[in-house]
Amino acid sequence: MDKAELLAKCEALEDRGRIDEITALLDSFCSDDCNDPDMHYYYGRILKKQHRFGDALNAYNRALDIDPEHTKAKAGIFLVNSILSIENNLYFENSYTDEGLYDI
């Protein structure tokens, strides 16, 4: 299956919400010998939708290894880092987790 066919199939699956099937397809296509930054970017985007943020960052970084100027991969990294920053801030700055609330 070539890139155009794979992307068409993935987009059709994405429209139907079948993200797990897309991941299975891209797992084999985006192996170490895949040198297409757009495919690694797309793989990262799908992984991000599954909340697999570490794997998504790896895919985006692989796209940047191939094409250091890949703007979509850079944006994807920024977005994932922003999501992780928000999650960390919500956890650590939540007043309900403040130990001072439990002092008598």
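The values are calculated or read from the model by the stated rules, or taken from the named source; none is laboratory data. Remember, it's a predicted structure, so these values are computed and weren't measured experimentally. With ideal geometry, Cβ positions are generated from the backbone for all residues, glycine too; neighbour counts draw on all protein chains shown.
Observations on the structure shown:
- Of all residues in region 42-73, those satisfying the criterion of being among the β-branched types (Val, Ile, Thr) and over 12 Å from the mean Cα position of the chain (by Cα) are Ile66, Thr71.
- Matching helices (runs of 4 or more DSSP H) fully within the chain where at least 2 residues are exposed (fewer than 14 other Cβ atoms within 10 Å of the Cβ) and modelled with pLDDT of 90 or more: 53-66, 71-92
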